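The structure appears below as structure tokens.
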């Protein structure tokens, strides 16, 4: 099924002046990055590009067609010169008070896409206004709203080219009920509840220092011991990481050493598809908080197995709390480095051609 990028014009491809009318060439200014990033989208994906624009009163004396079309055609020719062509262009000419079904956020102009062989669930509306977000909702698409700061054409292109890197796993056994959701391109938001407070604190480090959104909810047989809860959490988390990475195109693949007070912790990893764990971290205490120290090795072994990563952990120091927290922080930073994508070299990070 075909996927579509429904793209607004004014405020999205070109800057919108104070009077909201692009009726003269001297008002015309393209948004930063639009040429490079929209061309990369065209080159690296199979999305159809469809322009969808409201043009209030086009054809009236206040905004005559003879001033609109030369500017509009110049925009199209300029984009075409940069390798950017549109598969279709839909322009509505009604005023807002007309409440026309063809005017965004109405979908009257786009019924062919709603009825045809299109994958709207994995399509996007790119715009700069609330009406563009409403249009996405009405079409069943995902909105990408430019604000010029947090969301620019760079962020839009990376989302579209790389795809959404989220995954969730719900693992239920006779011993545990584990739910894990990961968004690799998140902001560090986390909600963790495993029933083990110190374990929760360590898992939160992965979100905060890894820059990933992380939700973990676990009901385990803690009346037996901590083993099943920590093992199954690791298995589900590793599975999520593996799913999020997809085909791994563009990722850094490798990743971190950090000091924490008296400790030096190193976590090197490789998302190369071959699970392995090297663990050089000894603990003198039997427990830290409510967690047996022997379970940390088992946690990372289970995690590396399902994530299919090569994981090498080294830690030296005196304070046991600092040591394991440093390991989790170093692991999070290694994740952050390894999953970062280079969209200028969006290829598989392997000379074998397969990971």
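The values are calculated or read from the model by the stated rules, or taken from the named source; none is laboratory data. Predicted, not measured: the structure shown is a model, and the values here were computed from it. Because the Cβ atoms are built from the backbone with ideal geometry, glycine has one as well, and the counts that use them run over all protein chains shown.
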Looking only at the stretch 1-27, which residues are surrounded by 15 or more Cβ atoms within 10 Å (Cβ to Cβ), more than 24 Å from residue 109 (Cβ to Cβ) and in contact with a helix residue (DSSP H, G or I) (Cβ under 7 Å, 6 or more places away or on another chain)? 17
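Starting from residues that are in contact with a strand residue (DSSP E or B) (Cβ under 7 Å, 6 or more places away or on another chain) and outside any strand (DSSP E or B), keep the ones in the stretch 276-302 and report whichever is nearest to residue 333 (Cα to Cα).
Of all residues in the stretch 276-302, those in contact with a strand residue (DSSP E or B) (Cβ under 7 Å, 6 or more places away or on another chain) come to 276-281, 286, 293, 297, 300-301.
Cutting the leftovers down to outside any strand (DSSP E or B) gives us 281, 286, 293, 297, 300-301.
Numbers: 281: 18, 286: 27, 293: 22, 297: 18, 300: 15, 301: 18 Å.
Taking the candidates together, the pick is 300.
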Filtering the stretch 214-241 down to residues that are under 23 Å from the mean Cα position of the chain (by Cα) and surrounded by fewer than 19 Cβ atoms within 10 Å (Cβ to Cβ), which residue is nearest to residue 335 (Cα to Cα)? 215
Among the numbered criteria (1) more than 22 Å from residue 201 (Cα to Cα); (2) in the same structural domain as residue 201 (by TED's automatic domain parsing); (3) in contact with a helix residue (DSSP H, G or I) (Cβ under 9 Å, 6 or more places away or on another chain), which one does residue 285 miss? (1)
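With respect to residue 48, is the statement that it is touching a strand residue (DSSP E or B) at 6+ places or on another chain (Cβ under 7 Å) and surrounded by 13 or more Cβ atoms within 10 Å (Cβ to Cβ) true? Full working, then the answer.
Numbers: touching a strand residue (DSSP E or B) at 6+ places or on another chain (Cβ under 7 Å): yes; surrounded by 13 or more Cβ atoms within 10 Å (Cβ to Cβ): yes.
Yes; evaluated as a whole, the condition is true for this residue.
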Filter the stretch 270-282 down to the residues that are under 13 Å from residue 315 (Cα atoms) and crowded, with 17+ Cβ neighbours inside 10 Å, then identify the one that is farthest from the chain's Cα centre (by Cα). 281
Tell me, please, whether a residue that is buried (at least 16 other Cβ atoms within 10 Å of the Cβ) and in a loop (DSSP other than H, G, I, E, B) can be found in the stretch 87-96. yes
Would you confirm whether or not the stretch 254-261 contains a residue that is under 30 Å from residue 44 (Cα atoms) and under 18 Å from the mean Cα position of the chain (by Cα)? no
Residue 345 meets each of (1) surrounded by fewer than 19 Cβ atoms within 10 Å (Cβ to Cβ); (2) assigned to a helix (DSSP H, G or I) with one exception, condition (2)
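Yes/no matrix, rows are residues, columns are (1) in the same structural domain as residue 45 (by TED's automatic domain parsing); (2) over 26 Å from residue 30 (Cβ atoms); (3) buried (at least 18 other Cβ atoms within 10 Å of the Cβ):
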site	(1), (2), (3)
73	yes, no, no
80	yes, no, no
106	yes, yes, yes
109	yes, no, yes
139	yes, no, yes
147	yes, no, no
Go through the residues of the stretch 189-212 one by one and say whether even a single one is over 20 Å from the mean Cα position of the chain (by Cα) and over 24 Å from residue 322 (Cα atoms). no
For the subset of the stretch 200-245 comprising residues that are in contact with a strand residue (DSSP E or B) (Cβ under 9 Å, 6 or more places away or on another chain) and part of a loop (DSSP other than H, G, I, E, B), which member is farthest from residue 177 (Cα to Cα)? 212
Can you name the residue in the stretch 177-186 that is surrounded by 19 or more Cβ atoms within 10 Å (Cβ to Cβ) and farther than 12 Å from residue 216 by Cβ and is also nearest to the chain's Cα centre (by Cα) among such residues? 185
What are the residues in the stretch 257-269 that are at negative phi and surrounded by fewer than 21 Cβ atoms within 10 Å (Cβ to Cβ), if any? 257, 258, 259, 260, 262, 264, 266, 268
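Collect the residues in the stretch 28-45 that are part of a loop (DSSP other than H, G, I, E, B) and either modelled with pLDDT under 90 or surrounded by fewer than 18 Cβ atoms within 10 Å (Cβ to Cβ) (or both), keeping them in residue-number order. Spell out how you get there, then give the answer.
So in the stretch 28-45, the residues part of a loop (DSSP other than H, G, I, E, B) come out as 28-29, 31-33, 45.
Answer for the stretch 28-45, where residues must be part of a loop (DSSP other than H, G, I, E, B) and either modelled with pLDDT under 90 or surrounded by fewer than 18 Cβ atoms within 10 Å (Cβ to Cβ) (or both): 28, 29, 32, 33, 45.
Can we say residue 159 is touching a helix residue (DSSP H, G or I) at 6+ places or on another chain (Cβ under 7 Å) and surrounded by 15 or more Cβ atoms within 10 Å (Cβ to Cβ)?
Working: touching a helix residue (DSSP H, G or I) at 6+ places or on another chain (Cβ under 7 Å): no; surrounded by 15 or more Cβ atoms within 10 Å (Cβ to Cβ): yes.
Spelling it out, it is not the case that residue 159 is touching a helix residue (DSSP H, G or I) at 6+ places or on another chain (Cβ under 7 Å) and surrounded by 15 or more Cβ atoms within 10 Å (Cβ to Cβ).
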Residue pairs within 7 Å by beta carbon, gap of at least six or interchain, first lying in the stretch 135-164 and on the phi > 0 side of the Ramachandran plot, second surrounded by fewer than 19 Cβ atoms within 10 Å (Cβ to Cβ), listed first then second, are 140/121; 163/246
